[in-house]
Amino acid sequence: MKLLCLSTAEQGCSLAIVDGSILVCEEFWDARLTHSRRLVKMIEHMLENRAFMALGDMEGFVAARGPGSFTGLRIGISVVKGLAYAMGKPAAGVSSLDGIAFRFDHCSIPVCVMMDARRNEVYCAVYHFDHGRLMSKTKESVVSPEEAIGMTSGPVVFAGSGSKAYRDIIEQTADNPEFADRFLDSVSATALLRSLGSKEDFFNCSENRLAPVYIRQSDAQLQFAEK
């Protein structure tokens, strides 16, 4: 199945096209332009100049559904929904945290994904893999860095923007931390797709419904509640 997948959960934007189990191409942009100004052009460029395919060749669409940037998520999900509707093809959503964790799906020790949620908090989940297969995953949550570290024990790989923002705390508190390379801290469209690999008929799975998952209220909502 030919699939187009994207993530706009963070400042950078990741795009990938696969044909069955074959990765056709993947691109990542970290330019400081809003997703609304570049996303459609990025998709057109990738299809025409990298994949040598047309939009009509796609048999389905996948997007990161959150957590992450509220505005970025809304833009990415809206674009994917629009493309799916226009082409009459199915669409699915995948956790942004999965899009980081599945970069390490052959890791022999647990992976703690920490995305910087600001306000001294991180979006977090801890994953256990066995030769590419997900064995367990904690509930996704927004917690303090200390609480995230408390979800782990023994040797652990820390990944995601939060693992770098709070590296000092992790080094002082965690039992035996290892850190992912910085270029592996972002959500990968390929990893999003890899997380779906073992699922059957994921387009009709409620877990993969294409709707934003913010986990917490926006900063504007939090500020309003504090008044």
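Listed by position, the strands (runs of 3 or more DSSP E) contained in the range 80-147 that have at least 2 residues being under 23 Å from A165 (Cβ atoms) are 111-118, 121-130, 141-143.
Screening the range 122-167 for residues that are surrounded by 16 or more Cβ atoms within 10 Å (Cβ to Cβ) and touching a residue at least 60 places away in the same chain (Cβ under 8 Å) and picking the one that is nearest to L196 (Cα to Cα) gives L134. When you scan the range 85-95, do you find a residue that is closer than 30 Å to A148 by Cα and in contact with a Phe, Trp or Tyr (Cβ under 8 Å, 6 or more places away or on another chain), even just one? Yes, some residue in the range 85-95 is closer than 30 Å to A148 by Cα and in contact with a Phe, Trp or Tyr (Cβ under 8 Å, 6 or more places away or on another chain). Scanning the range 178-189 for residues being surrounded by fewer than 19 Cβ atoms within 10 Å (Cβ to Cβ) and not basic (K, R) gives a total of 5.
What about S163, is it out of contact with any Cys (no Cβ under 8 Å at 6 or more places or on another chain), outside any strand (DSSP E or B) and either hydroxyl-bearing (S, T, Y) or not assigned by TED's automatic domain parsing to the domain that holds W29 (or both)? So S163 does not fit the description; no. State yes or no: is L15 over 21 Å from M114 (Cα atoms) and outside any strand (DSSP E or B)? The answer is no for L15.
The values are calculated or read from the model by the stated rules, or taken from the named source; none is laboratory data. Worth saying up front: this structure is predicted, and the values here are computed from it rather than measured. Methodologically, a virtual Cβ is constructed for each residue, glycine included, from the backbone with ideal geometry; neighbour enumeration extends over all protein chains shown.
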